[in-house]
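Each remark here refers to the structure printed beneath this line.
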Amino acid sequence: MTDNGVREARAFAPASVANVAVGFDLLGYAVAGVGDTVTVRRIEAKEVRIAAIRGAAVELPTQAASNTAGAALIALRQALALPFGFEVEIDKGIPLSSGMGGSAASCVAALVAANALLDQPLAREQLYLHSLEGEAVASGSRHGDNLGPMFLGGLVLSTLERLVPVPVPAQWHSLLVHPDALLETRRARAALQGSYALQEFVAQSTNLALVLAGCHAGDATLVRAGLRDALVEPRRAPLIAGFDAAKQAALQAGAMGASISGAGPSVFAWYETAEAAQAAAPKVQAAFAAAGFDSQSWVTPLNSPGAHLL
């Protein structure tokens, strides 16, 4: 590849809700209004450097191979045998260990920015394959439920090989509430160790099928029947103070379903209108307040946009 004249690019990647109750490591959607911004510069040295990380409440790794953005760009460089390297600056906008895809957002924004510096830019689906290497650095496994929707926007089914957008009605909205608490992804995944009954898998498969069918048909009744977690939530809920009350507040306010966002501690709920989601927000936040936590909330369409260049 030769120099295309462009030496620097900035990109924004939104937060996301992963798992969506029924699609552990498979299903996620983008959340508008909060995200990470990454600046990438093309450098002569054949390496990836993390020059700065701003906005993080705790110290994040600046060794490229140990950083989600850095690891993804290393994978991109190696796959394309690029004759140049990248220097990266990360501006964090997503709270860490929040269950909102913070590690994935830095990774996706870095790849979208770096892609603009290539003479032959890749499709988002190709960038996705490299982003899996970055996600593995943060969580210890390769899964794309945060990454897919950040690349494409909206609700996305993400396997290790492909991204499948899932249509949802334009009027359906998400409520996402983040209590001011931390739940480290690796700890949340450790809670899932152990045996599972076959009946639990059947129940979860049923729920996933109902939600996907309901989304495709625009049928809220099907989604209401299926948007519940039979596998993961029962094991992770005890790690989140105030979760049970927050979930009940969301459901009593008319949610189609509510559960843990990603690894937690954030909670999401789906509503048939923006007005219903907005009305529910203070009730869910009050439940966390009763447990001793301040919180932030976002109401966004389920069809919110993905990452973009700035």
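Scanning segment 80-104 for residues that are of a type in the set (A, V, I, L, M) and in contact with a Lys or Arg (Cβ under 9 Å, 6 or more places away or on another chain) yields L82, V88, I90. Do we find that D244 is of a type outside the set (S, T, N, Q) and in a loop (DSSP other than H, G, I, E, B) in this structure? Criteria not met by D244. Tell me whether segment 84-93 contains one or more residues that are without any contact (Cβ under 8 Å) to a residue 40 or more places away in the chain, more than 24 Å from the chain's Cα centre (by Cα) and not assigned by TED's automatic domain parsing to the domain that holds S295. There is no residue in segment 84-93 that is without any contact (Cβ under 8 Å) to a residue 40 or more places away in the chain, more than 24 Å from the chain's Cα centre (by Cα) and not assigned by TED's automatic domain parsing to the domain that holds S295. Go through (1) in contact with a Leu (Cβ under 8 Å, 6 or more places away or on another chain); (2) assigned to a helix (DSSP H, G or I) one by one and return the number of the condition A258 breaks. Result: A258 fails condition (2) only.
For segment 109-125, the condition of being assigned to a helix (DSSP H, G or I), surrounded by fewer than 24 Cβ atoms within 10 Å (Cβ to Cβ), among the β-branched types (V, I, T) and outside the structural domain of A280 (by TED's automatic domain parsing) holds for none of the residues. Exactly one residue out of A225, A237, A263, A213 is free of Cβ contacts under 8 Å to residues at least 24 places away in the same chain, in contact with a helix residue (DSSP H, G or I) (Cβ under 6 Å, 6 or more places away or on another chain) and closer than 20 Å to L96 by Cα: that is A237. Restricting the search to strands (runs of 3 or more DSSP E) fully inside segment 138-232 and requiring at least 2 residues that are within 25 Å of Y128 (Cβ to Cβ), under 14 Å from the mean Cα position of the chain (by Cα) and modelled with pLDDT of 95 or more gives 155-158, 173-179. Looking at L82, L127, L132, L118, just one residue is touching a helix residue (DSSP H, G or I) at 6+ places or on another chain (Cβ under 6 Å) and more than 30 Å from A276 (Cα to Cα), and that residue is L127.
Answer yes or no as to whether S131 is in a helix (DSSP H, G or I), touching a residue at least 40 places away in the same chain (Cβ under 8 Å) and within 12 Å of the chain's Cα centre (by Cα). So S131 fails the test.
The values are calculated or read from the model by the stated rules, or taken from the named source; none is laboratory data. Remember, predicted model here, so these are calculated numbers, not experimental data. Every residue, glycine among them, receives a Cβ derived from its backbone with ideal geometry; neighbour counts consider all protein chains shown.
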